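The values are calculated or read from the model by the stated rules, or taken from the named source; none is laboratory data. These figures come from a predicted structure and were not determined experimentally. Virtual Cβ from ideal backbone geometry, glycine too; neighbours counted across all protein chains shown. Surface areas here come from the heavy atoms of the whole protein model, side chains and all, with no ligands, DNA or RNA. Shrake-Rupley method; radii C 1.70, N 1.55, O 1.52, S 1.80 Å.
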Amino acid sequence: MGGAAARRNGRKHRDGVSWMVTFVDLVSLLLAFFVLMFSMTTPDAPQWESFTASLRSAFSSENPTRARQSLMPETIKSEDPGLGFDLGYLQQLLRAELARDALLRDAKVAAKGGRLVVSMASDVFFRPGSAALLPSGEGAMFNLAVALSQLDNRIDIVGHTDPRPFVSPTAAFTSNWDLSLARAFSVAEALRKFGYDKPVEVRGAADGKFGEIDPSLDQEERYRQARRVDLVIYKERDRR
(Lines give C-alpha, C1' and ligand atoms only; values in the text may rest on other atoms or scores of the structure.)
Protein backbone atom coordinates (compact mmCIF):
# COMPACT_ATOMS: atom_id res chain seq x y z
CA MET A 1 0.00 0.00 0.00
CA GLY A 2 2.66 2.45 1.04
CA GLY A 3 4.73 1.77 -2.10
CA ALA A 4 1.75 2.22 -4.42
CA ALA A 5 0.79 5.50 -2.78
CA ALA A 6 4.36 6.78 -3.13
CA ARG A 7 4.40 5.87 -6.84
CA ARG A 8 1.08 7.70 -7.39
CA ASN A 9 2.34 10.79 -5.51
CA GLY A 10 5.55 10.76 -7.52
CA ARG A 11 3.63 10.50 -10.79
CA LYS A 12 1.40 13.47 -9.79
CA HIS A 13 4.48 15.51 -8.86
CA ARG A 14 6.12 14.76 -12.21
CA ASP A 15 2.92 15.68 -14.06
CA GLY A 16 2.85 19.07 -12.27
CA VAL A 17 6.45 19.80 -13.22
CA SER A 18 5.78 18.81 -16.81
CA TRP A 19 2.86 21.25 -16.96
CA MET A 20 5.04 24.09 -15.66
CA VAL A 21 7.76 23.33 -18.19
CA THR A 22 5.20 23.42 -20.99
CA PHE A 23 3.87 26.79 -19.81
CA VAL A 24 7.38 28.29 -19.63
CA ASP A 25 8.08 27.04 -23.15
CA LEU A 26 4.88 28.69 -24.37
CA VAL A 27 5.78 32.04 -22.76
CA SER A 28 9.28 31.85 -24.25
CA LEU A 29 7.87 31.21 -27.72
CA LEU A 30 5.44 34.14 -27.39
CA LEU A 31 8.26 36.42 -26.23
CA ALA A 32 10.45 35.36 -29.14
CA PHE A 33 7.53 35.99 -31.51
CA PHE A 34 6.98 39.54 -30.24
CA VAL A 35 10.72 40.31 -30.37
CA LEU A 36 10.79 39.07 -33.97
CA MET A 37 7.75 41.19 -34.87
CA PHE A 38 9.30 44.28 -33.26
CA SER A 39 12.59 43.76 -35.09
CA MET A 40 10.72 43.73 -38.41
CA THR A 41 8.87 47.00 -37.80
CA THR A 42 10.04 50.40 -39.08
CA PRO A 43 9.92 53.31 -36.55
CA ASP A 44 7.96 56.41 -37.48
CA ALA A 45 10.71 58.74 -38.72
CA PRO A 46 9.15 62.11 -37.69
CA GLN A 47 8.33 60.86 -34.20
CA TRP A 48 11.80 59.36 -33.84
CA GLU A 49 13.46 62.62 -34.90
CA SER A 50 11.29 64.56 -32.44
CA PHE A 51 12.21 62.16 -29.65
CA THR A 52 15.94 62.29 -30.33
CA ALA A 53 15.83 66.09 -30.65
CA SER A 54 14.19 66.39 -27.24
CA LEU A 55 16.89 64.18 -25.74
CA ARG A 56 19.63 66.29 -27.30
CA SER A 57 18.00 69.43 -25.95
CA ALA A 58 17.57 68.02 -22.46
CA PHE A 59 21.17 66.84 -22.17
CA SER A 60 22.85 69.65 -24.09
CA SER A 61 25.04 72.16 -22.22
CA GLU A 62 23.05 74.85 -24.04
CA ASN A 63 19.91 73.90 -22.13
CA PRO A 64 19.29 76.79 -19.67
CA THR A 65 18.45 74.51 -16.73
CA ARG A 66 21.56 72.40 -17.19
CA ALA A 67 23.61 75.50 -17.87
CA ARG A 68 22.64 76.91 -14.50
CA GLN A 69 23.75 73.70 -12.83
CA SER A 70 27.03 73.18 -14.66
CA LEU A 71 28.44 76.56 -15.68
CA MET A 72 30.65 77.00 -12.64
CA PRO A 73 32.62 74.14 -11.02
CA GLU A 74 31.09 72.58 -7.92
CA THR A 75 34.45 71.47 -6.54
CA ILE A 76 35.61 74.92 -5.41
CA LYS A 77 34.81 75.21 -1.73
CA SER A 78 36.11 77.65 0.81
CA GLU A 79 37.88 76.22 3.84
CA ASP A 80 36.61 79.16 5.92
CA PRO A 81 32.81 79.10 6.41
CA GLY A 82 32.87 82.90 6.58
CA LEU A 83 34.46 83.27 3.14
CA GLY A 84 33.13 82.73 -0.35
CA PHE A 85 35.11 81.59 -3.39
CA ASP A 86 38.79 82.48 -3.54
CA LEU A 87 38.99 85.73 -5.50
CA GLY A 88 42.16 84.80 -7.39
CA TYR A 89 40.67 81.62 -8.74
CA LEU A 90 37.31 83.30 -9.27
CA GLN A 91 38.99 85.97 -11.41
CA GLN A 92 40.23 83.31 -13.83
CA LEU A 93 36.86 81.56 -13.94
CA LEU A 94 34.88 84.74 -14.60
CA ARG A 95 37.22 85.84 -17.37
CA ALA A 96 36.74 82.50 -19.09
CA GLU A 97 32.95 82.55 -18.69
CA LEU A 98 32.52 86.19 -19.76
CA ALA A 99 34.63 85.56 -22.86
CA ARG A 100 31.90 83.23 -24.13
CA ASP A 101 29.41 86.09 -24.52
CA ALA A 102 29.72 88.65 -27.32
CA LEU A 103 28.64 91.56 -25.09
CA LEU A 104 30.51 90.50 -21.96
CA ARG A 105 33.84 89.49 -23.47
CA ASP A 106 35.09 93.09 -23.29
CA ALA A 107 34.20 93.44 -19.61
CA LYS A 108 37.23 94.06 -17.41
CA VAL A 109 37.85 91.78 -14.42
CA ALA A 110 40.38 93.21 -11.98
CA ALA A 111 41.40 92.75 -8.36
CA LYS A 112 41.19 96.03 -6.43
CA GLY A 113 41.70 96.49 -2.71
CA GLY A 114 40.91 92.93 -1.70
CA ARG A 115 37.83 92.83 -3.96
CA LEU A 116 37.13 91.63 -7.48
CA VAL A 117 35.58 94.23 -9.81
CA VAL A 118 33.83 93.30 -13.05
CA SER A 119 33.39 96.48 -15.13
CA MET A 120 30.82 96.45 -17.95
CA ALA A 121 30.63 99.37 -20.39
CA SER A 122 27.26 101.13 -20.18
CA ASP A 123 27.35 102.01 -23.90
CA VAL A 124 26.84 98.30 -24.70
CA PHE A 125 23.71 97.93 -22.57
CA PHE A 126 22.05 101.37 -22.52
CA ARG A 127 21.22 104.19 -24.92
CA PRO A 128 22.67 107.62 -24.03
CA GLY A 129 20.81 109.13 -21.11
CA SER A 130 18.70 105.98 -20.60
CA ALA A 131 18.62 103.34 -17.88
CA ALA A 132 16.45 100.89 -19.85
CA LEU A 133 18.41 97.76 -20.70
CA LEU A 134 18.67 97.20 -24.45
CA PRO A 135 17.04 93.97 -25.74
CA SER A 136 20.43 92.82 -27.01
CA GLY A 137 21.68 92.79 -23.41
CA GLU A 138 19.10 90.28 -22.17
CA GLY A 139 21.16 87.24 -23.15
CA ALA A 140 24.29 88.69 -21.57
CA MET A 141 22.45 89.32 -18.30
CA PHE A 142 21.17 85.74 -18.34
CA ASN A 143 24.70 84.36 -18.74
CA LEU A 144 25.95 86.65 -16.00
CA ALA A 145 23.15 85.57 -13.65
CA VAL A 146 24.03 81.92 -14.31
CA ALA A 147 27.66 82.48 -13.32
CA LEU A 148 26.93 84.63 -10.27
CA SER A 149 24.26 82.27 -8.93
CA GLN A 150 26.98 79.70 -8.20
CA LEU A 151 28.79 82.07 -5.83
CA ASP A 152 28.38 82.67 -2.11
CA ASN A 153 30.38 85.90 -2.15
CA ARG A 154 28.78 89.22 -1.26
CA ILE A 155 28.17 91.35 -4.36
CA ASP A 156 27.47 95.07 -4.83
CA ILE A 157 26.37 96.73 -8.08
CA VAL A 158 27.68 100.25 -8.68
CA GLY A 159 26.77 102.56 -11.57
CA HIS A 160 29.20 105.17 -12.97
CA THR A 161 29.04 107.98 -15.53
CA ASP A 162 31.51 110.29 -17.21
CA PRO A 163 32.07 113.75 -15.65
CA ARG A 164 30.27 115.77 -18.29
CA PRO A 165 27.31 117.71 -16.85
CA PHE A 166 23.89 116.27 -17.35
CA VAL A 167 22.25 118.85 -19.62
CA SER A 168 19.08 117.19 -20.99
CA PRO A 169 16.06 118.82 -19.33
CA THR A 170 13.67 116.40 -21.06
CA ALA A 171 15.40 113.25 -19.83
CA ALA A 172 14.00 111.08 -17.05
CA PHE A 173 16.99 111.86 -14.85
CA THR A 174 18.09 115.21 -13.49
CA SER A 175 21.70 114.33 -12.70
CA ASN A 176 24.48 111.89 -13.50
CA TRP A 177 24.09 110.42 -10.05
CA ASP A 178 20.42 109.58 -10.71
CA LEU A 179 21.37 108.00 -14.05
CA SER A 180 24.20 105.93 -12.57
CA LEU A 181 21.95 104.64 -9.79
CA ALA A 182 19.14 103.78 -12.20
CA ARG A 183 21.48 101.82 -14.47
CA ALA A 184 22.87 99.85 -11.55
CA PHE A 185 19.31 99.09 -10.49
CA SER A 186 18.42 97.93 -14.03
CA VAL A 187 21.33 95.47 -13.98
CA ALA A 188 20.26 94.20 -10.54
CA GLU A 189 16.69 93.72 -11.77
CA ALA A 190 17.87 91.84 -14.87
CA LEU A 191 20.01 89.50 -12.76
CA ARG A 192 17.06 88.84 -10.45
CA LYS A 193 14.80 88.16 -13.45
CA PHE A 194 17.20 85.51 -14.73
CA GLY A 195 17.60 83.66 -11.44
CA TYR A 196 20.14 85.49 -9.27
CA ASP A 197 18.10 85.68 -6.08
CA LYS A 198 20.73 86.71 -3.51
CA PRO A 199 20.53 90.20 -1.99
CA VAL A 200 22.77 92.90 -3.47
CA GLU A 201 23.57 96.49 -2.53
CA VAL A 202 22.93 98.90 -5.42
CA ARG A 203 24.72 102.25 -5.53
CA GLY A 204 25.20 105.16 -7.89
CA ALA A 205 28.63 106.81 -8.01
CA ALA A 206 28.26 109.14 -11.05
CA ASP A 207 31.80 110.34 -11.89
CA GLY A 208 33.15 109.85 -8.37
CA LYS A 209 35.73 107.27 -9.50
CA PHE A 210 36.78 109.03 -12.70
CA GLY A 211 40.22 109.81 -11.25
CA GLU A 212 41.03 106.07 -11.16
CA ILE A 213 40.98 105.77 -14.97
CA ASP A 214 44.37 105.83 -16.68
CA PRO A 215 45.13 109.54 -17.35
CA SER A 216 47.40 108.65 -20.29
CA LEU A 217 44.35 107.66 -22.37
CA ASP A 218 42.71 110.23 -24.62
CA GLN A 219 39.68 112.00 -23.17
CA GLU A 220 37.01 110.15 -25.14
CA GLU A 221 38.42 106.75 -24.15
CA ARG A 222 38.55 107.85 -20.51
CA TYR A 223 34.92 108.98 -20.78
CA ARG A 224 33.95 105.67 -22.39
CA GLN A 225 35.54 103.70 -19.57
CA ALA A 226 33.89 105.97 -17.03
CA ARG A 227 30.42 105.04 -18.30
CA ARG A 228 30.07 101.60 -16.78
CA VAL A 229 28.35 99.37 -14.25
CA ASP A 230 30.63 97.54 -11.82
CA LEU A 231 29.99 94.27 -10.05
CA VAL A 232 32.03 94.41 -6.85
CA ILE A 233 32.64 90.90 -5.50
CA TYR A 234 33.91 90.58 -1.92
CA LYS A 235 35.86 87.70 -0.44
CA GLU A 236 33.37 87.16 2.39
CA ARG A 237 30.10 85.33 2.08
CA ASP A 238 26.87 87.26 1.76
CA ARG A 239 25.27 87.45 5.23
CA ARG A 240 22.42 89.80 4.28
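Some notes on this structure:
- Long-range amide H partners of Leu83 with built H, under 5 Å: Arg237
- Full extension of the chain segment joining Ala96 with Lys198 gains 34.4 nm, where the gain is 0.36 nm per residue of separation less the Cα-Cα distance.
- When only the Cβ of Lys, Arg, Asp and Glu is charged (+1, +1, -1, -1), the dipole of the stretch 116-218 relative to its Cα centre reaches about 280 debye.
- In the stretch 140-240, Rg over Rh equals 1.02, where Rg is the alpha-carbon radius of gyration and Rh the Kirkwood radius from pairwise Cα distances.
- 3J(HN,Hα) along the stretch 131-146, derived from phi through the Karplus expression 6.51 cos²θ - 1.76 cosθ + 1.60 where θ = phi - 60°, amounts to 10, 7, 5, 5, x, 5, x, 4, x, 5, 5, 5, 4, 5, 4, 4 Hz, with x in place of Gly and Pro.
- Accessible area of the stretch 118-182 belonging to carbon and sulfur atoms, whole % at 1.4 Å probe: 61
- Centroid-to-centroid, using Cα positions, the stretch 82-101 and the stretch 206-222 are 26 Å apart.
- Heavy-atom accessible surface of the stretch 83-137, averaged per residue, reaches 52 Å², computed with a 1.4 Å probe.
- The stretch 159-225: chymotrypsin sites (Phe, Trp or Tyr not before Pro) falling in loop per DSSP and having at most 16 other Cβ within 10 Å: Phe166
- Area accessible to solvent at Ser175, 1.4 Å probe radius, in Å²: 40
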